[in-house]
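Inspection log for the structure reproduced underneath, given as structure tokens.
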Amino acid sequence: MENNKKYDFCIVITTYEREDMLKQLLEDIFKYTEYKMYVVVFDDGSKQTYDLSEYDVKYIKYVKNNGLKNLWRVISDTFKFSGKIDAKYYFYFQDDLRLKENFFQESIRIFENIPDENKISLGTLMIDTQRNTPKWTGVYPIEYDEYYKTQWCELVFMCEHKFFESLEFKLNPIPMSRWDNNPHISSGVGQQISTRLFDKGLNMYHVINTLTTHGDHESVLLPELRKNEKLIAI
């Protein structure tokens, strides 16, 4: 295990060309001084190296940008890295998110209150257009008091170590042929994660009331797709 230390949280943040937004998210995270946290930032080849000297984070920067079609490589690296951190919970964020008040307390409370021994993840970002969507697994969300059983997982979620174990600490390569008919579709990362976990009989959940917020700013990875499919969560 990394540093042979035990943490309350391992927090993984992916970023590209959004240093100011990332720092706002870090400010949100480090308000929670009651927790012992290991925070790692994966910078997918931003033109300039970020100055994160004010924050207790590990900063990993790629020499060149992997972009949408090779995002799976970055996320696979984060899985290998997370697997080496001894933490009770793992949180995944993107650099353009903000945390609502009591984010960690509420996330943990909701996750622990899901009476399902096969639960594997809890998505903490929920936008209206995704509430009744049967995504990659073809399952319609089932609504409970504070969460949905959605059976899909994107890259804003919390989990335990068994999440990475179940995925063998890696993503499989996503073929370039994915974009042959539609150059504007997504990276395929969420789809692969969701279908692999679903095929193992593991269950993915999302909060009903979003615990992270996302504004109406331009997407770096999916500018054309996000013109029609907004990721606004307030």
Between region 116-163 and region 1-76, how far is it from one alpha carbon centroid to the other, in angstrom? 23 Å
Could you pull the Rg and Dmax for the chain, using just the Cα atoms, both in Å? 16.8, 49
To the nearest 10 square angstrom, how much accessible area does Ile208 have with a 1.4 angstrom probe? 20 Å²
Near the amide H of Tyr59, under 5 Å away, which other amide H atoms are found, from residues 5 or more places off or on another chain, if H is placed in the peptide plane? Val41
What percent of all Cα-Cα pairs in region 102-217 falls in each 10 Å bin, counting up from 0? 13, 44, 34, 9, 1
Around Val207, what is the net charge, scoring Lys/Arg as +1 and Asp/Glu as -1 over all other residues with Cβ under 9 Å from its Cβ? -2
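Can I get the semi-axes of region 1-105's equivalent ellipsoid? Compute them from the C-alpha gyration tensor as square roots of 5 times the eigenvalues, in angstrom, largest first. Write out the running numbers ahead of the final one.
Numbers: eigenvalues 91, 58, 30 Å².
Taking √(5λ) for each Cα gyration eigenvalue gives 21, 17, 12 Å.
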Note, ³J(HN,Hα) from phi for region 56-63, Karplus 6.51, -1.76, 1.60, rounded to Hz, x at Gly and Pro: 7, 9, 9, 10, 10, 10, 7, 5
Compare the Cα positions of Met158, Leu25, Ser82 along the charge dipole of the chain (+1 at Cβ of Lys, Arg; -1 at Cβ of Asp, Glu; about the Cα centre) and return the one farthest towards the positive end. Ser82
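Any idea what the alpha-carbon Rg over 2.2 N^0.38 Å comes to for region 1-48?
So the Cα radius of gyration is 1.29 times the expected 2.2 N^0.38 Å.
How large is the charge dipole for region 1-152, taken about the Cα centre, if only the Cβ atoms of Lys, Arg (+1) and Asp, Glu (-1) carry charge, to the nearest 20 debye?
Numbers: 22 positive and 26 negative charges, 129 e Å.
Here the size comes out at about 620 debye.
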If N is the residue count of region 46-133, its Cα Rg over 2.2 N^0.38 Å rounds to 1.33
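Tell me the Kirkwood radius of region 83-125: reciprocal of the mean inverse pair distance over distinct alpha-carbon atoms, in Å.
Details: mean 1/r = 0.0829 Å⁻¹.
Mean inverse Cα-Cα distance, inverted, gives 12.1 Å.
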Could you tell me the extents of region 32-89's C-alpha atoms along the three principal axes, largest first, rounded to whole Å? 37, 26, 15
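Within the chain, which DSSP H helices have Cα atoms that stretch 20 Å or more along the helix axis and a mean Kyte-Doolittle hydropathy of at least -0.5? Numbers along the way, then the final one.
Values: long enough: none.
Helix filter hits for the chain: none.
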In terms of the Cα gyration tensor, with a ≥ b ≥ c the square roots of its eigenvalues, is region 88-164 rounded because a/c is under 1.5, prolate because a/b exceeds b/c, or oblate? rounded
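Relative contact order of the chain: what whole-number percent is it, with Cα pairs under 8 angstrom and at least 6 residues apart? Don't jump to the answer; show the numbers that get you there.
Values: 431 pairs, mean separation 56.3, N = 234.
Answer for the chain is 24 percent.
The values are calculated or read from the model by the stated rules, or taken from the named source; none is laboratory data. Just so we're clear, the structure is a prediction, and the values are computed from it rather than from any experiment. Using ideal geometry, Cβ is built from the backbone for each residue, glycine included, and neighbour counts are taken over all protein chains shown. For the accessible areas, the whole protein counts, side chains as well, though only heavy atoms, and no ligand, DNA or RNA atoms are used. Shrake-Rupley method; radii C 1.70, N 1.55, O 1.52, S 1.80 Å.
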